[in-house]
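Enquirer: First the structure, which I've put down as structure tokens, then a few questions once you've had a look.
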Amino acid sequence: MIRPLAAVLLALAMAGCAPDGKEEITLAPTVEDAAVVVLSQPLAQEFTSALQAQLGAAMAEGGPMQALGVCHEEAPRIAAAIAGESGAQVVRISDRNRNPAGAVSDEVAPFYAQLAEQPLVDNAPATRIWQSGEGDAARMNYLAAIPMREQPCSACHGSDIDPELQARISELYPDDLATGFTPGELRGALHISWPIGAFFE
Ligand code: HEC
């Protein structure tokens with residue numbers, strides 16, 4: 001059975017995307033997928049805008065060297081705060097990761113590869129939704145592409161990184177793989193996953 005909260009959110013999403021009632025299921029192929037989108041999208045937006053605000057302020061104030069500290073400390077903190085509020089797991093991953101905890105697992109790899117093929121769809125980050133695990137341990141997963149951009153990303157993930165900044169990156173992340181990206185390429189992805197009980201009982 002669909003849980004009441006998920007059902008209400010789902011109804012809102014469908015009303016929102018199909019005011020004339022004609023294109024009801026275009027949001028996602030199944031009811032389960034639609035519920036995952038409705039619950040996950042606001043978290044993805046919250047993460048992105050919170051991090052962008054902090055990153056932008058630090059870049060303006062002290063340039064990439066100061067902003068490096070923000071990414072290092074604030075990105076995991078914001079993800080943990082959103083996870084704590086929502087009950088979802090929230091983590092940024094990459095097949096060329098900087099944070100050692102951000103590798104792409106075998107389970108996620110096929111979905112990640114699909115995002116890498118086409119990071120943007122209609123100018124919005126590509127997403128994938130799937131169910132993993134069995135029984136009570138099952139989870140609903142939402143993966144959203146994080147495309148590489150010239151500004152401000154290339155200062156810290158591009159090919160021409162200031163030597164002093166590079167030294168600090170190597171100090172904080174001795175196994176860093178997250179440089180040499182070009183704009184438009186997939187830089188990473190935001191993986192949000194929910195216990196199945198958040199949707200069905
Ligand atoms: C000031 C330097 C800096 C800038 C600018 C920057 N990043 Fe990062 N980025 C980092 C650091 C440091 C980490 C590791 C954070 C951590 O420890 O979780 C990181 C991690 C990431 C990750 C998580 C995966 C991984 O490799 O660990 C993604 C995805 C990412 N950045 C995307 C971007 C994008 C997209 C932009 C531009 C909008 C950007 N970054 C701008 C420094 C930066």
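Enquirer: Hey, any idea what the orientation-averaged projected area of the convex hull of segment 160-201's Cα atoms comes to, in nm²?
Expert: 5.1
Enquirer: Quick check for you: which residues of segment 40-79 have the amide N under 14 Å from the point 7 Å beyond the Cα of GLU164 toward its beta carbon?
Expert: 62-68
Enquirer: For segment 88-199, what is the convex hull volume of its Cα atoms per residue in Å³?
Expert: Roughly 106 Å³ of hull volume per residue.
Enquirer: Once you compute Rg and the Kirkwood Rh from C-alpha atoms, what is the Rg to Rh ratio for the chain?
Expert: For the chain, the value is 1.00.
Enquirer: Could I ask something else about it? On a full-extension model of 0.36 nm per residue, what is the gain between ALA103 and ALA116, subtracting their alpha-carbon distance, rounded to one decimal in nm?
Expert: 3.2 nm
Enquirer: How big is the shadow of the Cα convex hull of segment 50-89, averaged over all directions, in nm²?
Expert: Dividing the Cα hull surface by four gives the mean projection, 2.6 nm².
Enquirer: If you average over every viewing direction, what projected area does the convex hull of the Cα atoms of segment 79-120 give, in nm²?
Expert: Directional mean of the projected Cα hull area for segment 79-120 stands at 3.8 nm².
Enquirer: Hey, if you put +1 on the Cβ of every Lys and Arg and -1 on every Asp and Glu Cβ in the chain, which of SER132, ILE78, ILE146 ends up farthest toward the positive end of that dipole?
Expert: ILE78
Enquirer: Among all helices in the chain defined by DSSP H, which have a length of 15 Å or more along the axis from Cα atoms plus a Kyte-Doolittle mean of at least 0.0?
Expert: Helices meeting the criterion: 4-17, 31-86.
Enquirer: Let me ask another. Using the count of nearby Cβ atoms within 10 Å as a rough guide to exposure, how do THR127, THR182 rank from fewest to most?
Expert: Lowest count first: THR182, THR127.
Enquirer: If Lys and Arg each add +1 and Asp and Glu each add -1, what is the summed charge of the other residues whose beta carbon sits under 14 Å from the beta carbon of ILE146?
Expert: Net of charged neighbours comes to +4.
Enquirer: Can I ask one more? Using the count of nearby Cβ atoms within 10 Å as a rough guide to exposure, how do LEU51, LEU39 rank from fewest to most?
Expert: So the ranking, lowest neighbour count to highest, is LEU51, LEU39.
Enquirer: Ordered by packing density, taken as the mean number of other Cβ atoms within 10 Å over each peptide's residues, highest first, how do 108-118, 165-175 rank?
Expert: 108-118, 165-175
Enquirer: At q = 0.14, 0.16, 0.19, 0.30 Å⁻¹, what base-10 log of I(q)/I(0) does the Debye formula yield for segment 103-165 when every alpha carbon is treated as an equal point scatterer in vacuo?
Expert: The Cα Debye sum returns log10 ratios of -0.57, -0.68, -0.83, -1.21.
Rule-based calculations on the coordinates, nothing more; no lab input. Just so it is clear, the structure is predicted and the values come from calculations on it, not from any experiment. No Cβ is skipped: glycine too gets one built from the backbone with ideal geometry, and neighbour counts run over all protein chains shown.
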